[in-house]
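What follows is one structure encoded as structure tokens, with my remarks underneath.
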Amino acid sequence: MRIRRTDGSDVLVIGGGIIGLVTAWRAAQRGLAVALADPEPGGGAARVAAGMLAAVTELHYGEETLLGLNLASAERFAAFTAELEEASGRDIGFRACGTLAVALDADDRAHLRELHELQRRSGLESEWLTGRECRRLEPMLAPGVRGGLRVDGDHQVDPRRLAAALLTACERAGVLFHRRRADRLSVVADRAAGAVLDDGTEVAAGQVVLAAGSLSGRLAGVPAHVLPPVRPVKGQVLRLTVPPAYAPFLSRTVRAVVRGSHIYLVPRENGELVVGATTEEMGWDTTVTAGGVYELLRDAHELVPGITELPLTETRAGLRPASPDNAPLLGRTALPGLHLATGHGRNGVLLTPVTGDAMASLLADGELPEAARPFSPGRFSPAPAPQEQPA
Ligand SMILES: Cc1cc2nc3c(=O)[nH]c(=O)nc-3n(C[C@H](O)[C@H](O)[C@H](O)COP(=O)(O)OP(=O)(O)OC[C@H]3O[C@@H](n4cnc5c(N)ncnc54)[C@H](O)[C@@H]3O)c2cc1C
């Protein structure tokens, strides 16, 4: 039985970053009455993120299960883009440009060779190139580039446009926005029943989705054993502008590991060049530091010396909502009526389509699809609540 409360919505989503928004949009498309609480919907980490859809180049040892979900989402991206752009009337800047991961010294080269081997064993498409072949593809690369991996399937999207389009699509689909912070989860008869907002309003709902990004583990009223183990991982990012006279500066995403730090340059069609990102365990601090900007510029300059000619137009820091195993928490919790959609870490933009589909299935049909089941919050906490039957 679907729980519909006459004084509220079928579903309340707490948090209107890209994950909360896609959940709300997809659930509303399934005919559910959806409310969403966030003081600033469409903000969050997507304001900072680069938007790489890097299922193949972001492959890490021990993350093969996550790879399956990343690939499932990457495969959906083109169709998802078409549907969202149609629903919102907005362009989200999806660009099927591919990625080139390069090595600057012998250590980087050995590391990339290992990644290539892991990709091959995982059945992924990537091609080893010599330094000269890399520079033929991207002439702005430093002469010292020693080799690289060409991954034609890792694309990009503009996360700010993605968030704006999701917001419009939600509004058009009838999602009710409460532009307030949720202060506390309401629990009635051992079941999540909505939330109390920071102006005292009580929003009742049959099901609640906690999608508050790096703050998901801090909502009052959520029992301690259900709180998700999500922490903020700070990332500083620069935005530069490629003047028309310099275009095309880069034709695809270029990335490398320089002295152990990951650096990437993501060129957008509108001339924006995103350079990222630091990885820092600093709690909820979002200060842009001189050291962070210096390291990014130093490493990016080593990779593509010409970037020092470009105007630096923006510096920003954001928080990745990270989980202990770098994979998201999707699905029901041990508190009946409370679901999680959080912990997407460095892959939240990539995972937006698959998360929306998975959460809408759970909310409308009572079941997570097969691909999302390994990501149940139960892997970090006691057994989830027994299944509820949908209407
Ligand atoms: C520097 C950086 C680079 C990145 N690059 C990439 C990339 O290239 N590719 C990729 O796939 N991903 C990338 N990511 C990751 C991606 O941006 C995130 O995983 C994703 O945006 C997380 O979305 P979210 O909706 O879960 O959380 P958030 O964006 O954090 O949104 C959470 C929302 O919840 C709201 N909220 C919090 N508490 C409450 C409350 N109590 N009541 C109501 N609302 C509340 C906040 O206002 C916020 O709007 C990057 C992230 C960073 C920081």
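The values are calculated or read from the model by the stated rules, or taken from the named source; none is laboratory data. Fair warning: this is a prediction, and the values are worked out from it, not measured in the lab. Every residue, glycine among them, receives a Cβ derived from its backbone with ideal geometry; neighbour counts consider all protein chains shown. These accessible areas exclude ligands, DNA and RNA; they are computed on the full protein's heavy atoms, side chains included. Shrake-Rupley method; radii C 1.70, N 1.55, O 1.52, S 1.80 Å.
Numbers below:
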read-out	value
Normalised contact order of the chain, rounded percent, pairs of Cα under 8 Å and 6 or more residues apart	24
Thr308 versus Tyr246: modelled label distance in nm, points set 7 Å from Cα along the beta carbon direction	1.3
FRET efficiency, Asp152 to Asp285 (Cβ-Cβ, R0 35 Å, nearest 0.05)	0.40
Inter-label distance, nm, simple model (7 Å from Cα along the C-beta direction), Arg30/Glu86	2.0
Residue-averaged 222 nm ellipticity for the chain, from DSSP H runs of 4+ at -39500 (n - 2.57), nearest 500	-8500 deg cm²/dmol
Carbon/sulfur fraction of accessible area - the chain, other protein chains in place, 1.4 Å, %	51
Taking the convex hull of Cα positions in the chain, its mean projected area over all directions (nm²)	18.4
For the chain: accessible area per residue (Å², 1.4 Å)	41
Rounded to 5, percent antiparallel among DSSP beta bridges of the chain	70
Label point 7 Å beyond Cα of Arg316 along Cβ direction - residues of region 267-304 with amide nitrogen under 17 Å	267-279, 285-289, 293
Largest-first ordering by accessible area, 1.4 Å probe, given options Trp284, Trp25, Trp128	Trp284, Trp128, Trp25
Extension reserve of the Asp107-Asp190 stretch, reckoned as 0.36 nm per residue once the Cα distance is removed	24.4 nm
Contact order relative to length of region 250-391, as percent, for alpha carbon pairs under 8 angstrom and 6 or more apart	16
Solvent exposure ordering (accessible area, 1.4 Å, most first) of Cys134, Cys97	Cys97, Cys134
